[in-house]
């Protein structure tokens, strides 16, 4: 095979692109991955500042061994190179009415939790059974709040379920999440198997490097600062991509980029299934991330705080992975989910840091004076596609493009199962299988 000839070319070095490329390489394909930036990770990249490793997202991995992250590392035989540490469940918390509660993760927790009234606890079993037995296909266009109307009117029980929806989907209006998506997301939590979540040892960089290594070990390449400009098409099929004025040949192309970047990539080579209008109409989730590096805080018990009353969540990442903060330090990330209208209100956006610092002062009264690193990021895209009832998963992008042979998609804007980064990871599994089948024809 010539130097610039590949079995598959993957555009995008985020979780979906790296996962797809690593799986294909493990199956024997020669893969070229093109990343336009000088660093891997996409919306999951990390940077270092004064000894703190700052994430661009809440990087604990929901689902434990059933998560796509674990399964990809296991499949490509890289679990030792990028180990995952179990998240300790009793360090997860939720705040309601100014009171901090341990997040219930077991049936016993749900019976004893202060988040539910006695009537709420009585109704929990009925509601859980309704979620486990619901006809999913009939509920994609139904908001979870409407579905709950037919199950319970008990306030604490409704809040109990809606409080799960925000942190698991990054939706600012949890009641508008598609009931079908919500149920598929929470069913594993109703029948939990330990561990319920993992955190990558050393942060996500190790996982990205493991995926990169698998691609290179199979004779493939990962190129940085490599902007894919357009598709190369011949006789109704993809034969590669153009990058840097050079045509790179590939039997299949996987575009693992968000819809706005996909629209730009396809501008000169339009595809009927992926018209620009369709791509631009896919609504992402959005919000503000505030990272705080803190020194001298006395805390070894609180690793997360779900904050449903302000549509936000908070992670103290060094309690998942100590290397993310210097000795004696804590790395705090506050993620606030916002509507497009809220994002247009600069005053509302700007008060995000003071909002979380004021709240944390109610728990640790000297918190403010211990802050040594501050970073606030306005995030117009947290996830590439929201999972609201009016944008349900089946209406999102296909993984295989039927109108153009050899073109495939991966990422969290595709109709792949899962929430947050799990959606990107599941898309990698599904996309790799489709590409392998195409290459074997």
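The values are calculated or read from the model by the stated rules, or taken from the named source; none is laboratory data. Since the structure is predicted, the reported quantities are computational estimates derived from the model, not experimental observations. When we count neighbours, we look across all protein chains shown, and the Cβ atoms used for this are built from the backbone with ideal geometry, even at glycine.
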| remark: Restricting attention to the stretch 1-53, the residues that are in a helix (DSSP H, G or I), at negative phi and buried (at least 23 other Cβ atoms within 10 Å of the Cβ) number exactly 11
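Table: residues versus (1) on the phi > 0 side of the Ramachandran plot; (2) surrounded by 17 or more Cβ atoms within 10 Å (Cβ to Cβ); (3) touching a residue at least 24 places away in the same chain (Cβ under 8 Å).
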{"position": "226", "(1), (2), (3)": "no, yes, yes"}
{"position": "239", "(1), (2), (3)": "no, yes, yes"}
{"position": "244", "(1), (2), (3)": "yes, no, no"}
{"position": "257", "(1), (2), (3)": "no, yes, yes"}
{"position": "269", "(1), (2), (3)": "no, no, yes"}
{"position": "277", "(1), (2), (3)": "no, no, no"}
{"position": "284", "(1), (2), (3)": "no, yes, yes"}
{"position": "288", "(1), (2), (3)": "no, yes, yes"}
{"position": "297", "(1), (2), (3)": "no, yes, yes"}
| said: Show me the helices (runs of 4 or more DSSP H) entirely contained within the stretch 63-144 in which 1 or more residues are more than 30 Å from residue 19 (Cβ to Cβ) and either in contact (Cβ under 8 Å) with a residue 40 or more places away in the chain or in contact with a helix residue (DSSP H, G or I) (Cβ under 8 Å, 6 or more places away or on another chain) (or both). | reply: 107-112, 118-133
| said: Among the residues that make up the stretch 329-344, is at least one of them under 25 Å from residue 88 (Cα atoms), outside any helix (DSSP H, G or I), in the same structural domain as residue 300 (by TED's automatic domain parsing) and more than 20 Å from the chain's Cα centre (by Cα)? | reply: yes
| message | Looking only at strands (runs of 3 or more DSSP E) that lie completely in the stretch 198-266, which have at least 3 residues being over 25 Å from residue 282 (Cβ atoms)? | response | 221-223, 237-243, 246-255
| Which listed residue is surrounded by 15 or more Cβ atoms within 10 Å (Cβ to Cβ), touching a residue at least 12 places away in the same chain (Cβ under 8 Å) and out of contact with any helix residue (DSSP H, G or I) (no Cβ under 7 Å at 6 or more places or on another chain), from 388, 336, 393, 379 | 379
| remark: Here the residues within the stretch 223-234 that are out of contact with any strand residue (DSSP E or B) (no Cβ under 7 Å at 6 or more places or on another chain) and farther than 19 Å from residue 435 by Cα are 224, 225
| Counting only residues that are more than 23 Å from residue 46 (Cβ to Cβ), in a helix (DSSP H, G or I), in contact (Cβ under 8 Å) with a residue 60 or more places away in the chain and in contact with a helix residue (DSSP H, G or I) (Cβ under 6 Å, 6 or more places away or on another chain), how many does the stretch 148-180 have? | 6
| remark: Residue count, the stretch 181-197, condition assigned to a helix (DSSP H, G or I) and closer than 22 Å to residue 15 by Cα, comes to 3
| remark: How many residues of the stretch 385-411 are touching a strand residue (DSSP E or B) at 6+ places or on another chain (Cβ under 9 Å) and assigned to a loop (DSSP other than H, G, I, E, B)? The answer is 15
| remark: Considering the stretch 106-121, residues that are surrounded by fewer than 18 Cβ atoms within 10 Å (Cβ to Cβ) and touching a strand residue (DSSP E or B) at 6+ places or on another chain (Cβ under 9 Å), and then whichever is modelled with the lowest pLDDT, we arrive at 109
| Can you spot a residue in the stretch 302-316 that is more than 23 Å from residue 115 (Cβ to Cβ) and not in a strand (DSSP E or B)? | no
| request: Please give the number of the condition residue 216 fails out of (1) more than 20 Å from residue 66 (Cα to Cα); (2) surrounded by fewer than 17 Cβ atoms within 10 Å (Cβ to Cβ); (3) outside the structural domain of residue 26 (by TED's automatic domain parsing). | output: (3)
| said: Residue under question is residue 406, and the condition is that it be buried (at least 17 other Cβ atoms within 10 Å of the Cβ) and more than 22 Å from the chain's Cα centre (by Cα); does it hold? | reply: yes
